[in-house]
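For reference, the structure discussed in these notes is given below.
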Amino acid sequence: PAGLHLVATPIGNLSDITIRALEVLAAADIIACEDTRTSRVLLQRYGIQGRLVAYHEHNAASAGPKLIAAIADGQSVALISDAGTPLLSDPGYRLVDEAVEAGVSVVPIPGPSAALAALTASGLPTDAFFFAGFLPSKAKARADRLAELKSIPGSLIFYESPRRLPDCLSAMVETFGAERPASVCRELTKTFEEYRRGTLSDLSKHYEETGAPKGECVICVGPPLAEAAPEGEVLDALLRDLAGDMP
Ligand code: SAM
C-alpha cells in the first residue's frame, strides 16, 4: 500500500528481521536507506531486489520531497537505516515530519533497536527511562549535558563510540557519582556480545585498565540513588523543630 513505512532492520545478527519487515521491503516501490551498499547486503540475504535510493543527513533537503511526491503518487516507500530502528540516532525524523505535513500515511514496522535490547538486559529499572542518544564529543559540552540529565527519575540510555567509552564513563562518575549502577553492552546480537554490569566507578576503572574496547556499545545508567533517610537523632531533632512550629 502507498505510504511511508519505517522498517526496523537487524543490529548485527541478520536473522533479527521480522516476517512483516521482509514482506514490506519486498513490496516497496522504493527503499530509502543511508548507505545503499550496506543495505544491499541485507536485502540480498533475503533475495529482495528493491529499488534503493540514498536518504541521509546530507541529501535530506532534496531527497525528502521526491520521496513524499512518490508516496502522494501512490507508491510505497520503505525507510531503513544501516542498523536497527530508523530515526533513533539515525536519519528519518525530517522525512516523517514532511510526510505528516503532506497528509500521507506513515506506518512503523517495529523490530530491533540497540537501546531497548541493552536496557532490557542491563538489570536496571525499566519502568521509566530516558533515551539520551549520543553525548556531545567535547568534554565541556558533554559535562553540561550530563548535568542536565543527572536528576531524571529513570534509567538513562546512551549510545557511545568505543573510542570515547573510557572518557565518557569517567565524566559520568564525575557528574552522576561513583555509586550509580550501570551497564555497558557491546556487540549486541553478534558473536562477541558482552555485558558488563556494576557501579559507574567499577565500569570506569575497568575500561581505564583495558583501554577502549572494540565494537559498538550502549551505556545504561540506573536512576538517581535515593537520598539516605535521616537517622534516629537527626529525625528526632527535625520532629522537635517541626513540633515547635505547630500552633
Ligand atoms: N538506529 C539504531 C538503533 O535502533 O539501535 C542506532 C543507530 S546509531 C547511528 C549507532 C549506535 O547504536 C552505535 O554507536 C551503538 O551505540 C548502538 N548500536 C548499534 N548496534 C549495536 C550493537 N549491535 N551493539 C551495541 N550497540 C549498538
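Can you compute the FRET efficiency between Val107 and His58 using 1/(1 + (r/R0)^6), with r the Cβ-Cβ distance and R0 = 35 Å? Round to the nearest 0.05.
0.85
Name the most mobile residue of Ile157, Ile219, Ile71, meaning the one with the largest mean-square fluctuation, in a Gaussian network model of the chain with Cα contacts below 10 Å.
In this elastic network of the chain, the residue with the biggest mean-square fluctuation among Ile157, Ile219, Ile71 is Ile71.
Could you tell me the relative contact order of the chain? Use alpha-carbon pairs under 8 Å, at least six residues apart, and round to a whole percent.
20
To the nearest 10 degrees, how steep is helix 232-245 against the longest Cα principal axis of the chain, on a 0 to 90 scale?
90
Restrict the search to the range 23-68; then list the GluC sites (Glu not before Pro) that DSSP places in a loop and that have at most 13 other Cβ atoms within 10 Å of their Cβ.
Sites meeting the loop and neighbour criteria: Glu57.
Taking the alpha-carbon centroid of each part, what is the distance from the range 169-191 to the range 42-101 in angstrom?
32
Would you list which lysines come within 22 Å of Lys205, measuring only between C-alpha atoms, while excluding same-chain residues fewer than 8 positions from it?
Leaving aside lysines fewer than 8 places away in the same chain, those within reach of Lys205 are Lys138, Lys140, Lys150, Lys214.
With unit charges on the beta carbons (Lys and Arg positive, Asp and Glu negative) and the dipole taken about the Cα centre of the chain, which residue among Val24, Pro224, Gly103 sits farthest to the positive side?
Val24
Mean residue ellipticity at 222 nm from the helices of the chain, using -39,500 (n - 2.57) per DSSP H segment of n ≥ 4 over the full residue count, to the nearest 500 deg cm²/dmol?
-12000 deg cm²/dmol
Charges on Cβ only, +1 for Lys and Arg, -1 for Asp and Glu, centred on the Cα centroid of the chain; of Ala54, Gly154, Ala182, which one is farthest towards the dipole's positive end?
The residue sitting most towards the positive pole is Ala54.
Below 8 Å between Cα atoms, with a sequence gap of 6+, how large is the relative contact order for the range 120-247 in percent?
Relative contact order, the range 120-247: 29 percent.
Using a simple charge model, +1 on the beta-carbon of Lys and Arg, -1 on the beta-carbon of Asp and Glu, nothing else, what dipole does the range 116-165 show about its Cα centre, in debye to the nearest 20?
Here the size comes out at about 340 debye.
Name the residue, out of Leu79, Leu225, Leu169, whose mean-square fluctuation peaks in a Gaussian network model built on the chain with Cα pairs under 10 Å.
Leu225
Quick one: putting +1 on the C-beta of Lys and Arg, -1 on the C-beta of Asp and Glu, what dipole do you get for the range 1-128 around its Cα centre, in Debye to the nearest 20?
Charge dipole of the range 1-128: 360 debye, to the nearest 20.
With only Lys, Arg, Asp and Glu charged, each at its Cβ (+1 for the first two, -1 for the last two), find how big the charge dipole of the range 137-186 is about the Cα centre; round to the nearest 20 debye.
200
As I understand it, the dipole of the chain uses +1 on the Cβ of Lys and Arg and -1 on the Cβ of Asp and Glu, about the Cα centre. Which of Thr126, His5, Cys33 lies farthest toward its positive end?
Farthest along the dipole direction, towards plus: Cys33.
Among Lys138, Lys205, Lys66, which one moves the most in a GNM of the chain with springs linking Cα atoms closer than 10 Å?
Sorting by GNM fluctuation, first place goes to Lys138.
Can you give the relative contact order of the range 35-162 as a percent, counting alpha carbon pairs under 8 Å and 6+ residues apart?
Relative CO of the range 35-162 lands at 19 percent.
Got a sec to turn the phi values of the range 205-212 into Karplus ³J(HN,Hα) couplings, 6.51 cos²θ - 1.76 cosθ + 1.60 with θ = phi - 60°, whole Hz, x for Gly and Pro?
4, 4, 7, 5, 6, 7, x, 4
Using all alpha carbons of the chain, what is the percent of pairwise distances in each 5 Å bin, ordered from the shortest bin to the longest?
Each 5 Å bin holds this share of Cα pairs: 1, 6, 12, 14, 14, 12, 11, 10, 7, 4, 2, 2, 2, 2, 1, 0, 0.
Computed from the coordinates by the stated procedures, all read-outs in this text should not be read as laboratory data. All values reported here derive from a predicted model rather than from experimental measurement. Reconstructed Cβ throughout: ideal geometry from the backbone, glycine too, with neighbour counts over all protein chains shown.
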